[in-house]
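Working notes for the structure below.
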Amino acid sequence: MKVLIVSTNMLPASPSGPAYVAGAALQASHTVEVFECLFVQDLAGELKAHIARFKPDVIGVSIRLVHGFVIDEKAEFNTRHLDLRVRVRKVVDCIKQASNAQIILGGPGFNYYARDWLDYLQLDYGIRGEADLSFPLYLKRLEVGGDITTVPGCVFRRDGQIVKTSREFIENLDVTAFPAYELFDLDKYDEHNISPAILTKRGCAFRCTYCPYSSLEGNHYRKKSAARVVDEIEHVQRVKHPKLVMFCDNNFNVPRQHAEVICQEIIARKLTIRWGTGDLRPMGITDEFCQLLRDSGCSYANVSIESGSDRMLKRMKRGYTVAHIKKALECLGKANIPFGASLLIGAPGETSETIAESLALLHGYSIPLGTWVTIGICLWTRRQQILEEARQDGQFRDDRELFEGVNYMSPELSKEYMIELIETLKATQGYIVQVNKPYREYP
């Protein structure tokens with residue numbers, strides 16, 4: 001079958017999800033092309049032209065996010081909010097006008113809002129969970145006239161009702177397809193300093209109160225072998241030798257032994273590579289581990305600190321302490337690995353005192369690439385533990401608000417204090433501030 005994967009993402013990020021799904025369809029012997037919305041000048045015109053030329057039988061629409069935030073110094077409170085649903089609807093409307101192909105929804109932005117998306121877009125079918133398992137099965141059944149309503153993770157309409165099937169996890173990730181980056185314009189991504197990304201594992205053993213990730217991929221780690229991970233790196237390099245390859249999975253260094261054997265495999269193969277990770281958890285980071293990162297080509301790391309208060313770290317169920325953070329920052333600094341940090345302000349229990357602890361901690365260290373400060377917690381799924389506290393605090397009332405976009409801020413932080421804090425951070429070198437909770441929404 002001829003399959004078109006449409007990546008609807010409009011924010012600067014690697015197209016790793018669509019790349020893996022496209023790879024799975026290729027592995028199943030389908031003819032596959034991709035359409036990238038990120039760089040188009042005329043969305044409707046270019047998409048319709050692509051469809052007219054390729055004439056796909058199936059069009060998979062990949063949804064990365066529902067709402068987004070862009071740092072914009074001209075915007076109110078330094079942050080511009082984007083309702084990404086509008087872009088996705090425009091894409092789907094264009095597809096409907098240009099083709100009678102089967103349309104199937106998927107992607108991380110679809111997983112938690114399947115019912116909402118089907119209603120919003122007036123569509124009938126989508127896949128939650130691991131599409132590199134389910135999408136090829138869907139294509140096979142569609143091709144032979146089989147039952148597509150029993151595909152793992154599918155969501156569909158039946159007699160006016162939305163029906164969901166159970167998801168299944170791929171236990172042996174080494175048998176999955178390589179990401180089909182050969183179908184993407186990596187030169188264009190490179191021009192915008194967006195690096196191709198790969199996953200080294202799936203799952204998350206942590207249960208942070210604001211994060212539902214373990215509910216998406218399971219609460220135990222399903223790891224690719226080190227050989228397989230490095231095979232993927234070499235695959236990307238054959239497509240285009242990028243400036244940087246990113247590991248985009250949650251908590252690259254957990255389990256630490258898994259990260260270590262990947263680094264050792266890179267070194268053993270004598271690869272010329274610069275790699276980075278956007279999520280280094282400040283746990284188990286030692287001088288020896290940092291030296292291994294550097295020797296294997298680590299050129300960027302973001303340390304997910306989130307708070308410098310032991311009280312808040314415990315409340316957020318982060319699984320580490322301020323002592324772990326200090327050790328991580330010291331070791332990374334000595335190893336001369338370029339790194340940044342992230343801080344999350346406003347979770348339940350946050351006070352001006354806990355914020356002061358976090359800032360005091362950061363001021364004690366040199367963070368070469370600066371600290372990204374996120375103010376306000378995005379509420380986006382019923383699987384976030386924080387949701388119940390948001391209800392109790394009166395900041396969230398109806399589950400239907402989630403698809404519309406809603407954020408939480410600790411009620412112990414006054415509007416006046418937060419306005420002063422954000423202005424102070426904006427004026428302080430080394431901080432980038434994203435405000436998820438506009439002040440007009442404060443009580």
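Scoring Ala301 on the criteria (1) under 23 Å from the mean Cα position of the chain (by Cα); (2) hydrophobic (A, V, I, L, M, F, W, C); (3) over 20 Å from Lys327 (Cβ atoms) leaves a single failure, condition (3). No other residue among Ile345, Ile305, Ile325 is touching a Pro at 6+ places or on another chain (Cβ under 8 Å), surrounded by 23 or more Cβ atoms within 10 Å (Cβ to Cβ) and within 17 Å of Thr209 (Cα to Cα) apart from Ile305. Hey, among the residues in region 234-250 that are out of contact with any Ser or Thr (no Cβ under 8 Å at 6 or more places or on another chain) and surrounded by 22 or more Cβ atoms within 10 Å (Cβ to Cβ), which one's nearest to Ser214 (Cα to Cα)? The extreme case among them is Asn250. Under 8 Å between Cβ atoms, at least 6 apart or on separate chains: pull out the pairs that start in region 191-217 with a residue that is within 23 Å of Arg311 (Cα to Cα) and end on any residue that is among the aliphatic types (A, V, I, L, M) and not in a loop (DSSP other than H, G, I, E, B). Between residues of region 191-217 that are within 23 Å of Arg311 (Cα to Cα) and residues that are among the aliphatic types (A, V, I, L, M) and not in a loop (DSSP other than H, G, I, E, B), the close pairs are Thr209/Ile386; Tyr210/Leu344; Tyr210/Ile377; Tyr210/Ile386.
Does Ala205 fit the bill of being at pLDDT below 95 and within 30 Å of Leu244 (Cβ to Cβ)? Yes. All of Thr176, Thr200 fail the test of being touching a helix residue (DSSP H, G or I) at 6+ places or on another chain (Cβ under 7 Å), β-branched (Val, Ile, Thr) and in the same structural domain as Ser304 (by TED's automatic domain parsing), apart from Thr200. The requirement of being buried (at least 20 other Cβ atoms within 10 Å of the Cβ) and either at pLDDT below 95 or in contact with a Ser or Thr (Cβ under 8 Å, 6 or more places away or on another chain) (or both) is satisfied by Val61. Taking Ile233, is it in a loop (DSSP other than H, G, I, E, B), more than 21 Å from Arg318 (Cβ to Cβ) and touching a strand residue (DSSP E or B) at 6+ places or on another chain (Cβ under 7 Å)? No: the conditions fail for Ile233. Would you confirm whether any residue within region 236-255 is among the acidic types (Asp, Glu), free of Cβ contacts under 8 Å to residues at least 60 places away in the same chain and assigned to a helix (DSSP H, G or I)? Checked region 236-255: no residue is among the acidic types (Asp, Glu), free of Cβ contacts under 8 Å to residues at least 60 places away in the same chain and assigned to a helix (DSSP H, G or I).
For the residues Ala341, Ala360, Ala390, Ala356, the requirement of being free of Cβ contacts under 8 Å to residues at least 60 places away in the same chain and assigned to a strand (DSSP E or B) singles out Ala341.
The conditions of being within 30 Å of Thr200 (Cβ to Cβ) and of a type outside the set (Phe, Trp, Tyr) are not met by Val91. Residues satisfying the criterion are absent from region 240-263 (criterion: in contact with a His (Cβ under 7 Å, 6 or more places away or on another chain) and farther than 16 Å from Pro196 by Cβ). Checked against (1) touching a helix residue (DSSP H, G or I) at 6+ places or on another chain (Cβ under 9 Å); (2) part of a loop (DSSP other than H, G, I, E, B), Lys317 passes all but condition (1).
Restricting attention to region 48-72, the residues that are free of Cβ contacts under 8 Å to residues at least 24 places away in the same chain and not in a helix (DSSP H, G or I) add up to 1.
Taking the criterion of being over 21 Å from the mean Cα position of the chain (by Cα), in a loop (DSSP other than H, G, I, E, B) and more than 28 Å from Ala227 (Cβ to Cβ), the residues of region 143-187 that qualify are Gly145, Gly146, Asp147, Val151, Asp159, Gly160, Thr165, Ser166.
For beta carbons closer than 8 Å, sequence separation of 6+ or different chains, a first residue in region 406-428 that is aromatic (Phe, Trp, Tyr) and a second that is at pLDDT below 90, the qualifying pairs are Tyr408/Asp393; Tyr408/Gln395; Tyr408/Phe396; Tyr408/Lys437.
Scanning region 165-189 for residues that are crowded, with 16+ Cβ neighbours inside 10 Å and farther than 26 Å from Tyr112 by Cβ returns Phe178, Tyr181, Glu182, Leu183, Leu186, Tyr189.
Selection of region 5-35 for residues being over 18 Å from the mean Cα position of the chain (by Cα) and outside any helix (DSSP H, G or I) yields Ile5, Ala28, Ser29, His30, Thr31, Val32, Glu33, Val34, Phe35. If you check Leu139, Leu118, Leu123, Leu105 for being touching a residue at least 60 places away in the same chain (Cβ under 8 Å) and not small (Gly, Ala, Ser), only one passes: Leu139.
Looking at Arg222, Arg228, just one residue is within 28 Å of Leu387 (Cα to Cα), surrounded by 15 or more Cβ atoms within 10 Å (Cβ to Cβ) and touching a residue at least 24 places away in the same chain (Cβ under 8 Å), and that residue is Arg222. Restricted to region 262-277, and to residues there that are crowded, with 18+ Cβ neighbours inside 10 Å and either hydrophobic (A, V, I, L, M, F, W, C) or assigned to a strand (DSSP E or B) (or both), the residue that is farthest from the chain's Cα centre (by Cα) is Ile266.
The values are calculated or read from the model by the stated rules, or taken from the named source; none is laboratory data. Computed from a predicted model, the values in this text were never measured in an experiment. Every residue, glycine as well, gets a Cβ built from its backbone with ideal geometry; the counts of neighbours run over all protein chains shown.
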